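Any read-out appearing in this document is the output of simple, stated calculations on the displayed coordinates, not a laboratory observation. None of these values were measured; they are calculated from a predicted model. Cβ atoms come from the backbone with ideal geometry, glycine included; neighbour counts cover every protein chain shown.
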Number of protein chains: 2
Amino acid sequence: MKANLSDVAKEAGVSAITVSRALRHPDKVSKKTLDKIMSVVDRLGYIPDPAARALAVGKTNVIGVVVPSVTNNVFSDVMRGIFETSEGSKWQIQLGNSRYSPLEEERLVRTFLSQKPAGLILSGLEQSEATSKLLMNADCRIVQIMECGPAPYDMMIGFSHIEASRVATRHLLEKGYKKPGYIAARLDPRSQRRLQGFEEVTTAAKLYDPARIVTTPRPSTVTLGCELTADLLSKAPDTDAILCNNDDLALGALFECQRRGLNTPNEIGICGFNDLEMMAVANPAISSVRTHRLQIGQQAMSMMDAALAGPEPDPSVIDVGFEMSARESTNRSAK
Amino acid sequence: MKANLSDVAKEAGVSAITVSRALRHPDKVSKKTLDKIMSVVDRLGYIPDPAARALAVGKTNVIGVVVPSVTNNVFSDVMRGIFETSEGSKWQIQLGNSRYSPLEEERLVRTFLSQKPAGLILSGLEQSEATSKLLMNADCRIVQIMECGPAPYDMMIGFSHIEASRVATRHLLEKGYKKPGYIAARLDPRSQRRLQGFEEVTTAAKLYDPARIVTTPRPSTVTLGCELTADLLSKAPDTDAILCNNDDLALGALFECQRRGLNTPNEIGICGFNDLEMMAVANPAISSVRTHRLQIGQQAMSMMDAALAGPEPDPSVIDVGFEMSARESTNRSAK
DNA sequence: TTGACAAATGTTAGCGCTGTCATTTTGTAT
DNA sequence: ATACAAAATGACAGCGCTAACATTTGTCAA
């Protein structure tokens with residue numbers, strides 16, 4: 001019932017390989033036969049079988065994407081960028097959710113590699129030993145996203161998390177906060193580097209106090225932001241600012257402070273991370289570090305496309321940076 | 001360099017087909033040879049080539065999932081459910097983002113079908129004419145998610161959006177609100193049915209006023225919730241409650257009302273839709289209609305798995321319902 | 001007109017796997 | 001020991017496509 005290459009070939013009065021060429025390398029076929037073939041393809045509604053092609057060529061059009069979470073706002077933005085940019089191209093995006101587990105990531109990479117993908121997009125700098133080995137020997141292009149660091153497998157796009165949190169911490173200190181705390185959930189490597197940036201800067205300013213750092217392995221939610229804030233404030237009631245590992249927590253922190261009648265920013269400053277759109281419209285508007293999530297997704301896909309299409313993309317490592325979005329929630333002098 | 005079936009066969013001293021059987025139908029192979037083959041498989045690190053298998057069998061292990069948005073919280077929860085439940089199974093999830101466009105959905109369905117997938121998971125009741133035709137003739141199982149309605153292609157899991165908004169609207173009326181408004185963004189078919197439920201109930205109660213309905217095709221955000229609320233309040237300043245098409249808008253509505261010094265719930269009630277976790281911790285806590293998004297994803301995948309594994313899943317159409325989460329933001333008498 | 005070369009098209013074989021059917025081995029009852 | 005069925009294994013072909021090489025056709029200059 002479904003037409004295949006030789007059906008089209010027969011109908012067009014040419015050989016199968018000519019049809020194949022017409023479809024894959026139209027410039028290798030004369031205008032006349034090309035037209036004829038195309039009209040037959042249309043008429044028969046022919047659609048090539050990707051499995052047969054994959055078998056013959058030893059490669060697929062699959063680009064595997066491994067993200068640690070599909071619900072996290074950060075990665076949904078990245079994913080959107082990837083999907084948008086791949087649209088219309090021949091690349092077939094295949095998504096895997098590693099749930100922040102290096103082992104699950106390894107399993108996914110294995111599955112993807114068995115499909116002989118054209119490319120792989122992975123999150124972060126560190127993979128399990130085994131995954132690393134797989135990737136080194138992989139016969140496909142690789143883009144690492146979210147972070148910038150040394151020794152990429154291939155290509156890379158992201159920013160420095162430690163530098164971003166240094167900037168946010170300095171912002172709090174500049175605003176005059178003297179007893180800054182830190183709350184974090186789900187300490188993946190990137191979160192840990194952000195915490196590290198906070199510790200560095202506060203230590204240098206002689207304002208470091210481990211009692212003001214509250215973390216949990218639980219996944220981040222707004223509700224958890226409330227709980228961590230409550231925790232922090234019970235352990236160290238004199239805390240005058242909270243740097244939050246992400247915006248969910250920051251919103252939760254704000255809600256919790258409101259509930260306790262603590263004025264933000266005067267009694268307590270709050271700063272988030274990522275700068276989700278809602279930060280700007282909260283009351284008070286919440287300061288945050290803007291990260292370029294959509295752009296990371298888009299450019300990761302563009303780099304991949306470029307690398308697969310032809311000449312090497314230049315550069316192959318991109319630091320997209322970040323910006324401090326200072327708002328009311330840390331503007332102590334205001335009001 | 002990479003081992004294939006016959007490498008394993010040679011090494012194990014059997015024929016290729018026996019290795020194939022050992023892997024696919026272990027019960028058709030004697031214990032002794034099975035053990036030998038498995039040890040060789042391990043030693044050689046043999047991984048079957050899915051493309052070759054697909055070509056031989058005329059079917060893949062792919063399950064295509066088409067969602068209208070990868071950033072929308074609703075669908076990220078659904079996706080999480082699907083990914084979680086598929087983990088460990090042989091099914092390979094492939095995700096497509098239709099961006100709420102029936103044409104893009106059609107393109108995706110075409111691409112998926114060309115891969116001879118085992119199954120397809122689609123969002124919503126209505127597809128383009130062409131998509132419908134494709135799906136009717138498709139040689140794979142289909143699960144429609146998010147909504148329940150008549151005439152499923154195959155299987156279905158969701159809830160009644162119109163009934164859900166009727167319940168929410170009645171909740172507002174029961175709480176004594178007399179001039180309820182409605183704000184909505186991105187009017188997909190499901191949003192439209194929710195609006196319809198609101199219109200029905202307010203009309204029946206003789207409280208319907210088109211001036212209190214503000215909609216936009218723009219994608220939903222918290223910021224947009226602020227804007228739509230501002231719009232609504234400028235058009236109909238005496239509005240005493242807002243039913244929001246989703247929780248992003250509801251949070252925006254709350255922020256905007258706070259900014260205007262309007263007390264929620266006394267001067268203005270606010271109700272959202274979906275009941276994202278953050279609704280419960282806002283100040284005041286925001287009423288919403290809880291929808292079972294994770295469950296929809298999980299069960300959609302279970303149904304699919306069951307249908308592909310063996311006997312027909314029963315039932316093949318599931319209404320997971322919803323619950324009204326009444327909170328402070330609509331509790332007029334409180335405080 | 002002819003030869004030389006490029007462009008266009010065709011032939012053949014094979015990618016790695018599994019369905020079908022044929023054959024061999026094993027187990028069981030007489 | 002024999003007969004017979006059931007279990008286990010194997011030979012072969014083919015899924016639909018494309019790389020590599022082979023052949024034909026077309027073009028142009030001498």
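Residues checked against (1) in contact with an Asp or Glu (Cβ under 6 Å, 6 or more places away or on another chain); (2) touching a residue at least 40 places away in the same chain (Cβ under 8 Å); (3) within 14 Å of chain B (Cβ to nearest Cβ):
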site	(1), (2), (3)
A:GLU106	no, no, yes
A:LYS116	no, yes, yes
A:ASN137	no, no, yes
A:GLY149	no, no, no
A:MET156	no, yes, no
Restricting the stretch B:56-97 to residues that are more than 30 Å from A:GLU277 (Cα to Cα) and assigned to a helix (DSSP H, G or I), the one farthest from DNA strand D (Cβ to nearest atom) turns out to be B:THR85
If we keep only residues of the stretch A:153-179 that are under 17 Å from the mean Cα position of the chain (by Cα) and in a helix (DSSP H, G or I), then the residue nearest to A:PRO265 (Cα to Cα) is A:ALA164
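Is there a residue being under 25 Å from A:GLU11 (Cα atoms), at the interface with chain B (Cβ under 9 Å from one of its Cβ atoms) and crowded, with 16+ Cβ neighbours inside 10 Å anywhere in the stretch A:85-93?
Of all residues in the stretch A:85-93, those under 25 Å from A:GLU11 (Cα atoms) come to none.
No: zero hits.
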Among helices (runs of 4 or more DSSP H) completely within the stretch A:1-44, the ones holding 3 or more residues that are more than 10 Å from DNA strand D (Cβ to nearest atom) and farther than 25 Å from B:GLY58 by Cα are A:31-44
Consider B:THR291 carefully, then state whether it is under 15 Å from B:VAL78 (Cα atoms), hydroxyl-bearing (Ser, Thr, Tyr) and buried (at least 17 other Cβ atoms within 10 Å of the Cβ).
yes
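When only residues in the stretch A:251-273 that are of a type in the set (Gly, Ala, Ser) and over 17 Å from B:ALA280 (Cβ atoms) count, which is surrounded by the fewest Cβ atoms within 10 Å (Cβ to Cβ)? Even if it seems obvious, please write down each step before you answer.
Here is the first cut: in the stretch A:251-273, the ones of a type in the set (Gly, Ala, Ser) are A:252-253, A:261, A:269, A:272.
Imposing the further condition that a residue be over 17 Å from B:ALA280 (Cβ atoms) reduces the set to A:261, A:269, A:272.
On the way: A:GLY261: 7, A:GLY269: 25, A:GLY272: 31.
Going through the qualifying residues, I end up with A:GLY261.
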Going through the stretch A:2-56 in order, the residues found to be within 14 Å of chain B (Cβ to nearest Cβ) and near DNA strand C (Cβ under 8 Å from one of its atoms) are A:ALA52, A:LEU55, A:ALA56
Per the list (1) part of a helix (DSSP H, G or I); (2) under 30 Å from A:THR239 (Cβ atoms), residue check on A:TYR182 breaks on (1)
When (1) within 37 Å of the chain's Cα centre (by Cα); (2) closer than 30 Å to A:ALA3 by Cα; (3) buried (at least 17 other Cβ atoms within 10 Å of the Cβ) are applied to B:THR71, the one that fails is (2)
Flag if B:SER302 is away from every other protein chain (no Cβ under 14 Å), touching a residue at least 40 places away in the same chain (Cβ under 8 Å) and among the hydroxyl-bearing types (Ser, Thr, Tyr)
yes
